[in-house]
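Written out below as structure tokens is the structure these notes cover.
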Amino acid sequence: MAVNYTGTWDMDSNVNFQGYMMALGIDFATRKIAGTLKPQKVIEQNGDVFTIKTLSSLRNYSSSFVVGEEFEEDTKGLDNRKCKSLVSWDNGKLVCVQKGEKKNRGWTHWIEGDDLHLEIYCEDQVCHQVYKKHIA
């Protein structure tokens, strides 16, 4: 069951981002700055082909993938690691498992009403972010 994620989304809430960044091993100064940001997500979807851009005043990050196909991901601009990522559908949710240096790492995106939810996790830390559809 495919859901249309296409759109521009503005961050509304961000719970336990500090814990998540600490689990990734991100330095204190970067965590301090990143914790103040309200990034925007720009998602382009064509069936199972996605490009997800995370835009902020500090750094931008872009990831392109095909659901169901493992790919090499370089998290340059985030925690600067390489990992193998696999995104799959799970009842309308996009679920990504990232294999690499850090254990239990990945994310899940889903839409409820007009909100885009994102849970990002690493080791024993889970961060829950909520984004609202951007209104121009």
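The values are calculated or read from the model by the stated rules, or taken from the named source; none is laboratory data. None of these values were measured; they are calculated from a predicted model. Reconstructed Cβ throughout: ideal geometry from the backbone, glycine too, with neighbour counts over all protein chains shown. Heads up: the accessible areas ignore ligands, DNA and RNA and are worked out on the full protein's heavy atoms, side chains in. Shrake-Rupley method; radii C 1.70, N 1.55, O 1.52, S 1.80 Å.
The table that follows gives values for the structure above.
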| quantity | calculated |
| --- | --- |
| Qualifying residue in the stretch 32-43 (condition: among the basic types (Lys, Arg) and in contact with a Cys (Cβ under 7 Å, 6 or more places away or on another chain)) | no |
| Checklist (1) in contact with an Asp or Glu (Cβ under 8 Å, 6 or more places away or on another chain); (2) touching a residue at least 60 places away in the same chain (Cβ under 8 Å); (3) surrounded by fewer than 15 Cβ atoms within 10 Å (Cβ to Cβ) applied to Asn104, failing item | (2) |
| Index of the failed condition, Ile135 passing every other in (1) open to solvent by less than 20 Å² (accessible area, probe 1.4 Å); (2) not in a strand (DSSP E or B) | (1) |
| Residue count, the stretch 69-80 (criterion: open to solvent by 40 Å² or more (accessible area, probe 1.4 Å) and in contact with a helix residue (DSSP H, G or I) (Cβ under 9 Å, 6 or more places away or on another chain)) | 1 |
| Selection count where residues are charged (D, E, K, R), farther than 15 Å from His134 by Cβ and outside any strand (DSSP E or B), scope the stretch 101-121 | 3 |
| Residues located in the stretch 10-68, provided they are among the charged types (D, E, K, R) and either open to solvent by less than 60 Å² (accessible area, probe 1.4 Å) or assigned to a loop (DSSP other than H, G, I, E, B) (or both) | Asp10, Asp27, Arg31, Lys38, Lys41, Asp48, Arg59 |
